[in-house]
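K.L.:
Please find one structure pasted underneath; my questions will follow.
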Amino acid sequence: MKFGVIVFPGSNCDHDCYHIAKHVMGHDTSYVWHKDASDLSGYDCIIVPGGFSYGDYLRPGAIAKYSPITEEIKKYANGGGLVIGICNGFQILIEAGLLPGVLMRNRSLKFICQDVYLKMENTDTPFSSEYSAGQVVKVPIAHHDGNYFADDATLKDLEANNQVVFRYATVKGETSDEANPNGSVSNIAGICNKNRNVLGMMPHPERCAEKVLGNKDGLGIFRSIVKHLTQS
Amino acid sequence: MKAKVYVTLKSGILDPQGKAVQHSLETIGYNAAMDVRQGKLFEVTLADGLSLDEAKKQVTEMAEKLLANPVMENFTVEVE
Amino acid sequence: MAEKIEITDEVIASHGLSKEEYENVLNILGRKPNMLELGIFSVMWSEHCSYKSSRAHLKGFPTEGPQVIQGPGENAGVVDIGDGLAVAFKMESHNHPSFIEPYQGAATGVGGIMRDVFTMGARPVANMNSLRLGNLDLPKHKYLLKGVVAGIAGYGNCMGVPTVGGEIYFDDCYNGNILVNAFTLGLVKSDKIFLGYASGIGNPVIYVGSKTGRDGIHGATMASEEFDEGSEEKRPTVQVGDPFTEKLLLEACLELMKTDYIVGIQDMGAAGLTSSSFEMASRAGTGIEMNLDNIPRREVGMTPYEIMLSESQERMLMVVRQGCEDKVKAIFDKWDLDCAVVGRVTDDGIMRLMEKGVAVAELPIEPLAEGAPVYHRPMERPAYLDEVNCLDISTLSLPDDMNAVLLDLLDSPNIGSRQWIYNQYDHMVRTDTVTLPGSDAAVIRIKGISKGIAMTVNCNSRYCYLDPYKGSQIAIAENARNLVCSGAKPLAVTDCLNFGNPEKPEIMWQFAEAVKGLSDACISFETPVVSGNVSLYNETKGEAIYPTPGVAMVGLIDDVERHCTQYFKSAGDQIVVLGKNLEDLGGSEYLKIEHGLVEGPPPALDLELEKAVQESCLEAIRAGIVKSAHDCAEGGLAVALAECCISGENMMGASIELDSSGIRRDALLFGESQSRIILTLEKEHIDKLEEIASEKGAPLEVIGEVGGEHLLIDDSISLDIKEIHSAWQSAIDQRIA
């Protein structure tokens, strides 16, 4: 099993994602430099990590979209390969057209780093099968532009196809406005594509997957991926 | 009446965003883009009954006090 | 051309050089300097770069110890942590620029300190900051706070370095001069540390990073002048930070440092190309010939004067082995960064600056860099000290409602929750943050080994105002206490000494006393000072800030799984105070808020008692019997207990009975006696703790038990913890809305 962690200029959760895949999960993992635009088919899963690709200048993900590796990620995803984009990775996948909608500035207009609670909306994906439906988990967010928005038609589509994987919720699982940290429409925290092989999420599961950090709620994401790859 | 306020960085002030955008334009083939500087455009809708002079004066004050950061930015005002 | 301007008395004065200093310039050169040379002297001999007023005093700092790999004088201090690893750290001020343009000032301060650390070969893994603002009721200071916090966040978050801790105080004395001190800690292999030496005759001098623009020309001189009414007009010199470029520079430098191409490397900080080139050559005893035509430039028509004095950010100067130029360039090309050979190391001890084949400056390096003036400025004990150290507590009325006092204190922006601030900082990136902001000390793990690093930054400047010597000792003691509460053994110190105008004998006296206090306490705790920074002239219209010797301390946890946090863990746990409650009200937040007084003396500090308390706490944590440990600081015992109740994820009440032993109620609850730690542990472990404490000579008192939904202290305090939490939680938020 081989993981690839994409490194854009300005990616800064690349080491964290590498650490999880390589040392916590124990799988072969490599960095993929954005200029080395070669075929990704040798990988079983591609992680597009968080950070500030191109400094988030212009708008997050807008410049990374034109980076040579992005075409390869698209090819890989369209061929059915597993791609997970976390935080800035989610923003890039949206800009690249692999996921619908847009991530706008948080409604507080401030960067927010804190733990939030997520309710599992769809556990029938390669990224979430280790959780139970409706389960509430604690995962941190750290972003300035995580306010998910999509037009009504797109939202309808997302809901109809069960593409909403996580929503921001209270600790009791209520998806209320009070539990919404950034203004995302319908409290959306993470979505997948129709084929279920591409996931984008604003929260950082790699930051809560080890006992020493006091929270292992995020580990299920990586376990789900490994389980899926082992079974397929 | 509407006013437009263009806010631009003073010359000589570094524009990291403009620099990154220019570099990206270059990598996707637009070699003619020699330099990019980013600014802001504000469209202000004004109350009826203001004279043109009064409108200009007020919008200029708005720009000085709030819309532009005089430490780093210049601005121009258009009223029509 | 600036170079053609005649050097008149006005030109000399506008460069901040005194008549005597200019005489010295003439002596060193044996001729008149040209404008470029004068500019170079001016920045090199500015207070900011030369430490001319402070250097004589700083010599008193303890700087050595078995753990010290690199003491002061380099880009950052380096301390050994075993396992072949070391930590490099430093704290630095960016006060004046942050007052003028808070976002960019704070951002570039953070950028600068991170460069200082990765210049040493260390990857920055944690940031902290120490902030002082004026009265939050003033719109200007709401604006400054928002800007400073956003600037720190904007830079640190983009770099992917977590901001794990910090401190902030608000006081009227900072209304005209805010303080922004930034700290960075980096991790480095102890045999892969890089220093700033321009060694090896003939080796190329290479410039990397951003292009040079007309940013912040004379910033270093600005930082060494008092503010006056016109200062806000000095704005066009503002430097803009580009954290994206610095992130690339960081990765490129660390990639280059895996090779053996680098001979020496230095950040271009204050006074840019000038100080970096002079300092590198000076350390190595060499000279440099630099071709200014090769300096990457952002703007056309820049003069040598502007190039040498520019403070454009995100630049480094390095000396590499001859023949490696192309390999170095390939690495920087990969990261899309400018990289240019701009000169050679020479053997003549001269800085020779060439433009179009002509030498535009020729300056002897040694006399200029090391021969900077050193002043033994006159000192005099300030008269105000007698006026303010006169507290007679018998004249203070005892409040009727202690509940109301406790809520008032928790609502003080100096005590209340800092969440509004730290939620804007990414404090988790790198996935090493074991203790998040909001406990006594931040703790990070080190991947691959069992150790952890704890760090904290602290200074109560009100104490320092009342008694600079004792206040400074307390700053060190409290830092060490905070580290110990996390389970760490204190290792070493970096400081940022913020004071007023050193030309005033009273300020110089404060400075000297503070340095003495820090030194004596550092010797006692065996925590040498390994790096630091001095910021003087923090005055506006003749009004100086409180003396503010900011101190950050770093400690080592042998087994990071055994770290400790401040909040209560489980109902039924016993609550113990290690240390002694005294009748100390001087300098307290209670005295300020409830009685409107800033009077001393500040709390007593007995270093022997302090050490006994700290050693007991550390040993108990290491023995695995401690569930929580919290330092007693501003607001005293009652506030510390309240914080233990509400700062964890699960809030918990407590029932407390104090042995009042004749101490006034308000002093017992809110007095800020030093050397006290609140511990919780299971009942069965009390005996063990008593054994440890008695062996070390630390007094202790079991004062109560964790549990319930209220904080109950004798018959004085009875509050629902939700009410406590809500007062504490909104202390900053509601004041800046």
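K.L.:
I need the helices (runs of 4 or more DSSP H) fully contained in the range C:1-101, keeping only those with at least 2 residues that are of a type in the set (Asp, Glu). Don't jump to the end; show me each part of the working.
P.N.:
Working: elements: C:9-14, C:19-29, C:35-44, C:47-50, C:55-58, C:95-100.
In the range C:1-101, C:9-14, C:19-29 are the helices (runs of 4 or more DSSP H) which contain 2 or more residues that are of a type in the set (Asp, Glu).
K.L.:
List the pairs whose first member sits in the range C:450-463 and is within 15 Å of C:Asp171 (Cα to Cα), whose second member is among the hydrophobic types (A, V, I, L, M, F, W, C) and assigned to a loop (DSSP other than H, G, I, E, B), and whose Cβ atoms are under 6 Å apart, counting only residues at least 6 apart or on separate chains?
P.N.:
none
K.L.:
Looking only at strands (runs of 3 or more DSSP E) that fall completely inside chain B, which ones have 3 or more residues that are loosely packed, with under 12 Cβ neighbours inside 10 Å?
P.N.:
Hits in chain B: B:40-45.
K.L.:
With C:Arg445, C:Arg462 as the choices, which residue is basic (Lys, Arg), more than 14 Å from chain A (Cβ to nearest Cβ) and surrounded by 18 or more Cβ atoms within 10 Å (Cβ to Cβ)? Working first, answer last.
P.N.:
Working: C:Arg445 fails: more than 14 Å from chain A (Cβ to nearest Cβ).
That would be C:Arg462, the only listed residue that is basic (Lys, Arg), more than 14 Å from chain A (Cβ to nearest Cβ) and surrounded by 18 or more Cβ atoms within 10 Å (Cβ to Cβ).
K.L.:
Given the condition at negative phi, part of a helix (DSSP H, G or I) and out of contact with any helix residue (DSSP H, G or I) (no Cβ under 9 Å at 6 or more places or on another chain), answer yes or no: does some residue in the range A:21-37 qualify?
P.N.:
Scanning the range A:21-37, I find at least one residue that is at negative phi, part of a helix (DSSP H, G or I) and out of contact with any helix residue (DSSP H, G or I) (no Cβ under 9 Å at 6 or more places or on another chain), so the answer is yes.
K.L.:
Identify, please: which residue in the range C:363-406 is acidic (Asp, Glu) and without any contact (Cβ under 8 Å) to a residue 24 or more places away in the chain and is, among those, surrounded by the most Cβ atoms within 10 Å (Cβ to Cβ)?
P.N.:
Start the filter on the range C:363-406 by keeping residues that are acidic (Asp, Glu), which leaves C:366, C:370, C:380, C:386-387, C:392, C:400-401.
Adding the requirement that they be without any contact (Cβ under 8 Å) to a residue 24 or more places away in the chain leaves C:386-387, C:392, C:400-401.
Working: C:Asp386: 9, C:Glu387: 9, C:Asp392: 7, C:Asp400: 8, C:Asp401: 11.
Only one residue fits best here, namely C:Asp401.
K.L.:
Could you identify the single residue in B:Lys2, B:Lys19, B:Lys65 that is away from chain C (no Cβ under 14 Å) and out of contact with any helix residue (DSSP H, G or I) (no Cβ under 7 Å at 6 or more places or on another chain)? Quick ask: steps written out before the conclusion?
P.N.:
Details: B:Lys19 fails: away from chain C (no Cβ under 14 Å); B:Lys65 fails: away from chain C (no Cβ under 14 Å).
None of the others qualify; the one that does is B:Lys2.
K.L.:
Of all the residues that make up the range C:409-438, how many are in a loop (DSSP other than H, G, I, E, B) and either under 12 Å from C:Ala126 (Cα atoms) or within 12 Å of chain A (Cβ to nearest Cβ) (or both)? Full working, then the answer.
P.N.:
Let us first name the residues in the range C:409-438 that are in a loop (DSSP other than H, G, I, E, B), namely C:411-418, C:423-432, C:436-438.
Checking the rest, the ones that are also either under 12 Å from C:Ala126 (Cα atoms) or within 12 Å of chain A (Cβ to nearest Cβ) (or both) come to C:423-432, C:436-438.
Residues that pass the stated criteria total 13.
K.L.:
Continuing with this model, one more query. Of C:Ala640, C:Ala629, which residue is in a strand (DSSP E or B) and within 27 Å of the chain's Cα centre (by Cα)? Quick ask: steps written out before the conclusion?
P.N.:
Working: C:Ala640 fails: in a strand (DSSP E or B).
Only one candidate qualifies: C:Ala629.
K.L.:
In addition: Restricting attention to the range C:534-555, does a residue exist that is under 29 Å from C:Glu701 (Cβ atoms) and surrounded by fewer than 24 Cβ atoms within 10 Å (Cβ to Cβ)?
P.N.:
Checked against the condition, which is being under 29 Å from C:Glu701 (Cβ atoms) and surrounded by fewer than 24 Cβ atoms within 10 Å (Cβ to Cβ), the range C:534-555 yields no hits at all.
K.L.:
Can you tell me which of C:Leu618, C:Leu585, C:Leu591 is away from chain A (no Cβ under 14 Å) and within 30 Å of C:Val79 (Cα to Cα)? First the steps, then the outcome.
P.N.:
Numbers: C:Leu585 fails: within 30 Å of C:Val79 (Cα to Cα); C:Leu591 fails: within 30 Å of C:Val79 (Cα to Cα).
The match here is C:Leu618.
K.L.:
Quick one: which of C:Ala404, C:Ala480 is in contact with a strand residue (DSSP E or B) (Cβ under 7 Å, 6 or more places away or on another chain) and either more than 14 Å from chain A (Cβ to nearest Cβ) or among the charged types (D, E, K, R) (or both)?
P.N.:
Numbers: C:Ala404 fails: in contact with a strand residue (DSSP E or B) (Cβ under 7 Å, 6 or more places away or on another chain).
None of the other options fit; the residue is C:Ala480.
K.L.:
Does A:Ile47 qualify as being over 14 Å from A:Gly190 (Cα atoms) and outside any helix (DSSP H, G or I)?
P.N.:
On the way: over 14 Å from A:Gly190 (Cα atoms): yes; outside any helix (DSSP H, G or I): yes.
When the stated conditions are applied, A:Ile47 passes them.
K.L.:
Scan the range A:151-193 for residues that are surrounded by 14 or more Cβ atoms within 10 Å (Cβ to Cβ) and β-branched (Val, Ile, Thr) and jot them down.
P.N.:
Result: A:Thr154, A:Val164, A:Val165, A:Thr170, A:Thr175, A:Val185, A:Ile188, A:Ile191.
K.L.:
Suppose we keep only residues that are buried (at least 23 other Cβ atoms within 10 Å of the Cβ) and away from every other protein chain (no Cβ under 14 Å) within the range A:1-31. Which one would you say is farthest from A:Ile69 (Cα to Cα)?
P.N.:
A:Phe3
K.L.:
Output the residues belonging to the range A:32-74 that are away from every other protein chain (no Cβ under 11 Å), surrounded by 15 or more Cβ atoms within 10 Å (Cβ to Cβ) and among the small types (Gly, Ala, Ser).
P.N.:
A:Ala37, A:Gly61
K.L.:
Another question, then. Would you please name the residue that is surrounded by the most Cβ atoms within 10 Å (Cβ to Cβ), looking only at residues in the range C:681-737 that are free of Cβ contacts under 8 Å to residues at least 60 places away in the same chain, of a type in the set (Gly, Ala, Ser) and more than 18 Å from C:Ile625 (Cβ to Cβ)?
P.N.:
Among those that are free of Cβ contacts under 8 Å to residues at least 60 places away in the same chain, of a type in the set (Gly, Ala, Ser) and more than 18 Å from C:Ile625 (Cβ to Cβ), it is C:Ser726.
K.L.:
Same structure again: Of the residues that sit in the range C:200-218 and are part of a strand (DSSP E or B) and within 14 Å of chain B (Cβ to nearest Cβ), which one is nearest to C:Arg115 (Cα to Cα)?
P.N.:
Just the residues of the range C:200-218 that are part of a strand (DSSP E or B), to begin with: C:204-209, C:212.
Remaining after also requiring within 14 Å of chain B (Cβ to nearest Cβ): C:209, C:212.
On the way: C:Gly209: 11, C:Thr212: 16 Å.
Among those residues, the one meeting the criterion is C:Gly209.
K.L.:
Please tell me if B:Lys10 is out of contact with any strand residue (DSSP E or B) (no Cβ under 9 Å at 6 or more places or on another chain), within 11 Å of chain C (Cβ to nearest Cβ) and in contact (Cβ under 8 Å) with a residue 12 or more places away in the chain. Don't jump to the end; show me each part of the working.
P.N.:
On the way: out of contact with any strand residue (DSSP E or B) (no Cβ under 9 Å at 6 or more places or on another chain): no; within 11 Å of chain C (Cβ to nearest Cβ): yes; in contact (Cβ under 8 Å) with a residue 12 or more places away in the chain: yes.
When the stated conditions are applied, B:Lys10 does not pass them.
K.L.:
How about the range C:138-175: which of its residues are within 22 Å of C:Gly587 (Cβ to Cβ) and more than 16 Å from the chain's Cα centre (by Cα)?
P.N.:
Matches in the range C:138-175: C:Phe170, C:Asp171, C:Asp172, C:Cys173, C:Tyr174, C:Asn175.
K.L.:
Looking at (1) under 18 Å from C:Arg132 (Cα atoms); (2) within 15 Å of the chain's Cα centre (by Cα); (3) not charged (D, E, K, R), find the lone condition where C:Pro97 falls short.
P.N.:
For C:Pro97, the exception is condition (2).
K.L.:
Could you list, in sequence order, all residues of the range C:486-512 that are in a helix (DSSP H, G or I) and aliphatic (A, V, I, L, M)? Spell out how you get there, then give the answer.
P.N.:
First pass over the range C:486-512, keeping only residues in a helix (DSSP H, G or I): C:486, C:505-512.
Hits for the range C:486-512 are C:Ile507, C:Met508, C:Ala512.
FYI, it's all coordinate maths here, none of it is from the lab. Being a predicted model, the structure only gives us computed values, none of them experimental. No Cβ is skipped: glycine too gets one built from the backbone with ideal geometry, and neighbour counts run over all protein chains shown.
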